[in-house]
Amino acid sequence: MFIPSLSFVILPKKINKNGTTTIYLQYINNRKTNRLSCNIRIMPSQWSEHFIKEKGKNAHAQAKELNSLLRREMERAEKIVLNLLK
């Protein structure tokens, strides 16, 4: 049995003509991947591992607010997954 995983990802191959890409909440269970759009678009250079860069030359102007939103969405998704596993 595999333990489901949740993470935020961007898909660098899906960059629009403005140079931005969407942040997705990625759910992997039993080797099947599902992605849900977070409806947040950023430049790929503003992305750092799992969150939006808050400091440095590529920092996003609203990074703190957006990261707070992403954390809340992650908590909500984790609760849903835990309830499904019960």
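Checked against (1) surrounded by 12 or more Cβ atoms within 10 Å (Cβ to Cβ); (2) modelled with pLDDT of 90 or more; (3) outside any loop (DSSP other than H, G, I, E, B), VAL81 passes all but condition (2). Within the stretch 37-51, the set of residues being part of a loop (DSSP other than H, G, I, E, B) and on the phi > 0 side of the Ramachandran plot comprises GLU49 only.
Residues in the stretch 3-36 that are among the charged types (D, E, K, R), farther than 19 Å from GLU49 by Cβ and outside any strand (DSSP E or B): LYS17, ARG31.
All told, LYS86 falls short of being open to solvent by 90 Å² or more (accessible area, probe 1.4 Å), of a type outside the set (S, T, N, Q) and closer than 25 Å to ILE15 by Cα. Among the residues making up the stretch 27-76, those that are within 13 Å of VAL9 (Cβ to Cβ), open to solvent by less than 100 Å² (accessible area, probe 1.4 Å) and among the aliphatic types (A, V, I, L, M) are ILE28, ILE40, ILE42, ILE52, LEU70, MET74.
The values are calculated or read from the model by the stated rules, or taken from the named source; none is laboratory data. What you see is a predicted model, and the numbers here were worked out from it, not measured in a lab. Virtual Cβ from ideal backbone geometry, glycine too; neighbours counted across all protein chains shown. In case anyone asks, the SASA skips ligands and DNA or RNA and just uses the protein heavy atoms, side chains included. Shrake-Rupley method; radii C 1.70, N 1.55, O 1.52, S 1.80 Å.
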